[in-house]
Amino acid sequence: MNAAEIARDVSARRVSAAEVTAATLARVQAVDGDVGAYLTLLGEIARSSAARVDERIAAGEHLALAGVPIALKDNMCLEGARTTCASKILEHWIAPYTATAVARLLEAGAIPIGKANCDEFAMGSSCENSALGVTRNPYDLARVPGGSSGGSAAAVAAGEAAIGLGSDTGGSIREPAAFCNLVGFKPTYGRVSRYGLIAFASSLDQIGPLARSVEDAALAYDIMAGYDPMDATSLDRPVERTADSLRADLAGLRVGIVREFDTKALGERSDALYREAYRDLERLGAELVDVSLPTADYGLATYYLIAPAECSSNLARFDGVRYGLRVEGADVRAMYDNTRAAGFGPEVKRRILIGTHALSSGYYDAYYVRAQKARTLIARDFERAFAQCDLIACPAASCPAFVFAAKSDPYSMYLMDYYTIPMSLAGLPALSVPCGWTVPEGGNLPLPIGLQLCAPLFGEKLLLGAAAAYERATNHALAHPAQIGTVPA
Ligand code: GLN
């Protein structure tokens, strides 16, 4: 069941939160050995949260997410729960407080089922950079679920949660959503509090939902969005509710198709699916307009300076003194070295090195400052494009889910985020919505692909509304795997 249906049924007392929770935990027992979505199961916390929700419902409270089982990416703090960032350095760290976005969902009646696997410190696009576990794509167990929020995506796709929380720095919600046949939504930067989200690149990180429908994503977003004094980048301006404004059609909307994002490069089948998706938008009443993002091509290079620079600064706090792992040494300097050498995986070390280099004196102007300038140019491209259109449509990822170890050099992995990074650099709200199935070369199971829609800053209502119209008209998301690792009926 979708989150909205569960909340309706629990609110109407047709089923209890305790029953939904027990059924979800049973599903996890049955399938998570294959899927590996969770690093930590929160059985006790889930059961006591459910009991509390049932009491509140019995007392007549209205809870928008009554009894909805959720998966939390393991870079989000939940008080008393192990919070690892899928890293050895935080393997045994227990969070002393709860992230604001998480607290808001729990207050609205959601039940935390578990902490979901991800790439270490959210750096990656496949979950393969996790130091603590392997997550498989529920549609084809030989393939990755995407990343970095891959555990949250796999949990929702496999029925081990109704909503997954992810974080998106350069595509980490949208790409796994595309790989797992889900709606994945990254709000405008500053809309959802980052308090309690362990920082990767603070000027880009944003929490958002992964869900089986646009309605569910909207429901979770409406609850999480809004000002939080605990996050200095949280925006103090009114939030428009989105869940009540899901549209039936796209009449009167201009949708920009990006000239530079030629889908032919994605292969015949994907190209055909994206063309069909654009035609579907038109059929729903949208006018397609040709727009240009001339500097979007610099997105990757820009991101891979800014994100590592911020990561090298953010991850300096993991030094064996206050948080997590400590490996002793002859003196304090040796202790830092030993701790960081043992605690961080290869990709995290690579990012710290790149970032520290880009920020070092002599290179700062050539790399970091230029990247910031390029970031401004990319944001201006979007402003110009949005003078001609209301929304932008393009692919969500460069390919469907790939087999394990297929992207063994870092650069080919970085290319996965070609289509999602420009929006992140510009701070824009964007989502991925299922847009069809393709059998990849060398594969034998059909795999989902995602259409990305992007709106101007604060355009959440329009964005989710339009995505709902597209979803309703096309229904690609309805094909769920009856059995894990099998073709959807
Ligand atoms: N895949 C990108 C990276 O590795 C984006 C990750 C993210 O959005 N957290 O940095």
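A few points about this structure:
- Contour minus Cα-Cα distance for ALA405 and HIS92 (0.36 nm per residue): 109.9 nm
- Relative contact order (percent, whole number), the range 112-204, Cα cutoff 8 Å, 6+ residue spacing: 24 percent
- Sorted on the mean count of surrounding Cβ atoms within 10 Å across their residues, most packed first, peptides 285-294, 395-404, 182-191 read 182-191, 395-404, 285-294.
- Dividing the mean sequence gap of close Cα pairs (under 8 Å, 6+ apart) by how many residues the chain holds gives a relative contact order of 17 percent.
- A Förster distance of 51 Å, applied to the separation of the beta-carbon atoms of ARG279 and ARG350, puts the FRET efficiency at 0.75.
- Extension gain, ARG317 back to ALA251 (0.36 nm per residue minus Cα-Cα distance, nm): 18.7 nm
- Within the chain, the proportion of Cα pairs with more than 36 Å between them is 23 percent.
- Förster radius 51 Å - calculated FRET efficiency between ARG384 and ARG82, Cβ distance, rounded to 0.05: 0.65
- Across the range 434-448, the residues whose backbone nitrogen lies under 20 Å from the label position 7 Å along the beta-carbon direction of GLU268 are 436-448.
- Measuring r between the beta carbons of SER360 and GLU441 and using R0 = 60 Å, the FRET efficiency lands at 0.90.
- Per-residue [θ]222 nm for the chain (sum of -39500 (n - 2.57) over DSSP H runs n ≥ 4, rounded to 500): -11000 deg cm²/dmol
- Quarter of the Cα convex hull surface for the range 178-261, i.e. its orientation-mean projected area (nm²): 7.8 nm²
- For GLU107 and ARG237, the difference between the fully extended length at 0.36 nm per residue and the C-alpha to C-alpha distance is 44.6 nm.
Read the figures in this text as sums done on the coordinates, not as results from a lab. Keep in mind that this is a model prediction, so the values were computed, not measured. Backbone-built Cβ (ideal geometry, glycine too); neighbour counts: all protein chains shown.
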